[in-house]
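Participant: Below: one structure in structure tokens.
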Amino acid sequence: MIWTALTTVMLVLGVFGLALTFYAATKALGITKKIAKAGMEEKYSLEKDYYLLSTVVWVILLSRIVASGMFWVTNESLIPLIPGAMCQFGVSQAGSPYSWIDTGLKLFVLFAYGIWLSLDLINRRVKGAPLLSTLSKIFLVLLPLLLLDTILDVAFYYTVTPVVVPCCRTVFTAESPVPCPYCFVFHDAPMFLVVIVSYGLSIALVLWSLAVRHYSLKNKELEGVGMDAIRKLVLLALGFAILGTIAVIPAILQVLGAPGFVH
Amino acid sequence: MLPRRTFIILVLLAVAVVASVLAYSFLRSQESAIAIEPSMNITHYELNRKTSELVSVNITNFSNSSATLVSAKMVKIQSGIAVSSSTFQSPFSLAANSTIRVPLNFKLDPEGADYFIYIYTSKGTAIKGSISYP
């Protein structure tokens, strides 16, 4: 392992996430099993259990979302510490195979975690927590992804060592039709980071609004709160899409080497 | 009302993707369309490894005609983007069968990369060379 402040934080977040996930999984399993046969009194007790579960899951998912962002920053910081690495491609080579799977997973975990968070947000606004059972089940569905995400982080940062690696110049040559995505986005055209993040958030917000719409149509109690949430989510998504579109102009100018963008 | 907003988002996304792909394709086609001088070469690269800088290049003219050097550009091969460029305040005259030193002071990536160097002549042609750093 390469011990730096960032790799240590990533490792701690991973171990912390794993511990909380096991705790939350047992709670969610218990609620899912009992809820169908529960009487009024037990339902009330399960509702209280659910609020504890909900708080723990918020902590887990938010820590995973923070880890997803920190993943790129940590990998960027490791480049000078790995001989031969010129960009994050080299870092991923040093942490192979965990790093490659982890990178792929990090690109879409936000979409999945956000569905649970947005549904729980509207569930908390309605009396009687109508999505209690659904959210416990969705958490159990998310469990393999959550475990994979956390375990891969721990495995990657625990096993990455300062070995000599071949970097992107072995794959991306002058004849390659596409550029090295890491060199392109993180080093030479960083305005594209703003574009990608803005559109990513925009798409995520639309997906979350679709999930809220699906469950709002199923539950009459959620209709009012759900529609209000959908309106806000889509409006925010539109805002991010506009931000991404505005950012694409300087990003393209940067690629074209316009004066002011090249040293 | 809501699907219309979602539709606008998708249209904006599509516009951005298409514009970016077109810009990159245009850049690549521009670079492949540069007319390269066959009888002029970059024969020496002066590097400052402490500051990770391409200080200057030596250009040798093997032809019997002179040339005027007006600007320079450095393209990072891994990203295909021009990372440095400069237009010379006073163009360099390169006489027939001679060598000239052209100062550049282009910053190189300290972690390493491969670059194409283009030195443009007043005719619009370019003298091309490549370096791998470090």
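The values are calculated or read from the model by the stated rules, or taken from the named source; none is laboratory data. Not measured: the values here are computed from a predicted model. Cβ coordinates were reconstructed from backbone atoms using ideal geometry, including for glycine residues, and neighbour counts include every protein chain displayed.
Participant: Collect the residues in the stretch B:71-83 that are surrounded by 21 or more Cβ atoms within 10 Å (Cβ to Cβ) and out of contact with any helix residue (DSSP H, G or I) (no Cβ under 9 Å at 6 or more places or on another chain), keeping them in residue-number order.
Facilitator: Of everything in the stretch B:71-83, those that are surrounded by 21 or more Cβ atoms within 10 Å (Cβ to Cβ) and out of contact with any helix residue (DSSP H, G or I) (no Cβ under 9 Å at 6 or more places or on another chain) turn out to be B:Ala72, B:Lys73, B:Met74.
Participant: Yes or no: A:Val255 touching a helix residue (DSSP H, G or I) at 6+ places or on another chain (Cβ under 6 Å) and in the same structural domain as A:Lys106 (by TED's automatic domain parsing)?
Facilitator: No; evaluated as a whole, the condition is false for this residue.
Participant: Which of the residues belonging to the stretch B:60-77 are part of a loop (DSSP other than H, G, I, E, B) and either more than 28 Å from B:Ala23 (Cα to Cα) or more than 13 Å from the chain's Cα centre (by Cα) (or both)?
Facilitator: Hits for the stretch B:60-77 are B:Phe62, B:Ser63, B:Asn64, B:Ser65, B:Ser66.
Participant: Turning to a different aspect of this structure: Sort out for me the helices (runs of 4 or more DSSP H) sitting completely within the stretch A:9-117 that have 3 or more residues that are of a type outside the set (Phe, Trp, Tyr), surrounded by fewer than 15 Cβ atoms within 10 Å (Cβ to Cβ) and modelled with pLDDT under 95.
Facilitator: A:40-78
Participant: A further question follows. For the stretch A:118-134, which residues satisfy the criterion of being in a helix (DSSP H, G or I) and of a type in the set (Lys, Arg)?
Facilitator: Scanning the stretch A:118-134 gives A:Arg124, A:Arg125.
Participant: Mind counting the residues in the stretch A:187-236 that are more than 10 Å from chain B (Cβ to nearest Cβ) and of a type in the set (Phe, Trp, Tyr)?
Facilitator: Qualifying residue count, the stretch A:187-236: 2.
Participant: Only one of these is farther than 24 Å from A:Val255 by Cβ and surrounded by fewer than 21 Cβ atoms within 10 Å (Cβ to Cβ): B:Thr87, B:Thr68. Name it.
Facilitator: Going through B:Thr87, B:Thr68 in turn, just one is farther than 24 Å from A:Val255 by Cβ and surrounded by fewer than 21 Cβ atoms within 10 Å (Cβ to Cβ): B:Thr68.
Participant: Kindly indicate whether B:Leu104 is outside the structural domain of B:Thr125 (by TED's automatic domain parsing) and touching a residue at least 40 places away in the same chain (Cβ under 8 Å).
Facilitator: no
Participant: Just to verify a result, which residue in the stretch B:78-104, among those that are away from every other protein chain (no Cβ under 14 Å) and outside any strand (DSSP E or B), is nearest to A:Gly90 (Cα to Cα)?
Facilitator: B:Ser98
Participant: Same structure, new question: Any residue in the stretch A:67-83 that's within 13 Å of A:Lys106 (Cβ to Cβ): show its pairings with residues that are assigned to a helix (DSSP H, G or I) and of a type in the set (S, T, N, Q) at Cβ separation under 7 Å, as long as the two are six or more apart or on different chains.
Facilitator: So the pair list comes out as A:Thr74/A:Thr7; A:Asn75/A:Gln88.
Participant: With respect to A:Leu143, determine if the residue is touching a residue at least 60 places away in the same chain (Cβ under 8 Å), under 20 Å from A:Ser63 (Cβ atoms) and not small (Gly, Ala, Ser).
Facilitator: Against the criterion (touching a residue at least 60 places away in the same chain (Cβ under 8 Å), under 20 Å from A:Ser63 (Cβ atoms) and not small (Gly, Ala, Ser)), A:Leu143 qualifies.
Participant: Among the numbered criteria (1) buried (at least 18 other Cβ atoms within 10 Å of the Cβ); (2) within 30 Å of A:Ile82 (Cα to Cα), which one does A:Trp3 miss?
Facilitator: It fails just one condition, (1).
Participant: Do we have B:Gln30 as in a loop (DSSP other than H, G, I, E, B) and within 11 Å of another protein chain (Cβ to nearest Cβ) here?
Facilitator: No; evaluated as a whole, the condition is false for this residue.
Participant: For the stretch A:210-238, give me the residue count where each residue is under 30 Å from A:Val194 (Cα atoms) and touching a residue at least 24 places away in the same chain (Cβ under 8 Å).
Facilitator: So the answer is 9.
Participant: Moving on. Under the condition of being of a type in the set (S, T, N, Q) and in contact with a Pro (Cβ under 6 Å, 6 or more places away or on another chain), which residue from the stretch B:44-77 is nearest to the other protein chains (Cβ to nearest Cβ)?
Facilitator: So, considering only residues that are of a type in the set (S, T, N, Q) and in contact with a Pro (Cβ under 6 Å, 6 or more places away or on another chain), the one nearest to the other protein chains (Cβ to nearest Cβ) is B:Ser52.
Participant: Okay, moving on. Checking A:Gly239 against (1) at pLDDT below 95; (2) over 24 Å from A:Leu13 (Cβ atoms); (3) not in a loop (DSSP other than H, G, I, E, B), only one condition comes out false. Which one?
Facilitator: (1)
This table checks each residue for (1) modelled with pLDDT under 90; (2) assigned to a loop (DSSP other than H, G, I, E, B); (3) within 30 Å of A:Glu47 (Cβ to Cβ); (4) at the interface with chain B (Cβ under 10 Å from one of its Cβ atoms).
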position: A:Ser136; (1), (2), (3), (4): no, no, yes, no
position: A:Val141; (1), (2), (3), (4): no, no, yes, no
position: A:Leu147; (1), (2), (3), (4): no, no, yes, no
position: A:Val154; (1), (2), (3), (4): no, no, no, no
position: A:Thr161; (1), (2), (3), (4): no, yes, no, no
position: A:Val165; (1), (2), (3), (4): yes, yes, no, no
position: A:Phe172; (1), (2), (3), (4): yes, yes, no, yes
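Participant: Six or more apart or on different chains, Cβ under 6 Å: which pairs go from a residue in the stretch B:26-46 that's surrounded by 14 or more Cβ atoms within 10 Å (Cβ to Cβ) to one that's aromatic (Phe, Trp, Tyr) and outside any helix (DSSP H, G or I)? Could you list them?
Facilitator: B:Ser39/B:Phe62
Participant: Name the single residue, out of those in the stretch A:175-186 being touching a residue at least 60 places away in the same chain (Cβ under 8 Å) and surrounded by 22 or more Cβ atoms within 10 Å (Cβ to Cβ), that is farthest from the other protein chains (Cβ to nearest Cβ).
Facilitator: Checking each candidate, the answer is A:Tyr182.
Participant: Which residues, taken from the stretch A:210-244, are over 30 Å from B:Val15 (Cβ atoms), among the β-branched types (Val, Ile, Thr) and either buried (at least 20 other Cβ atoms within 10 Å of the Cβ) or in the same structural domain as A:Val126 (by TED's automatic domain parsing) (or both)?
Facilitator: Listed by number, the list is empty, since nothing qualifies.
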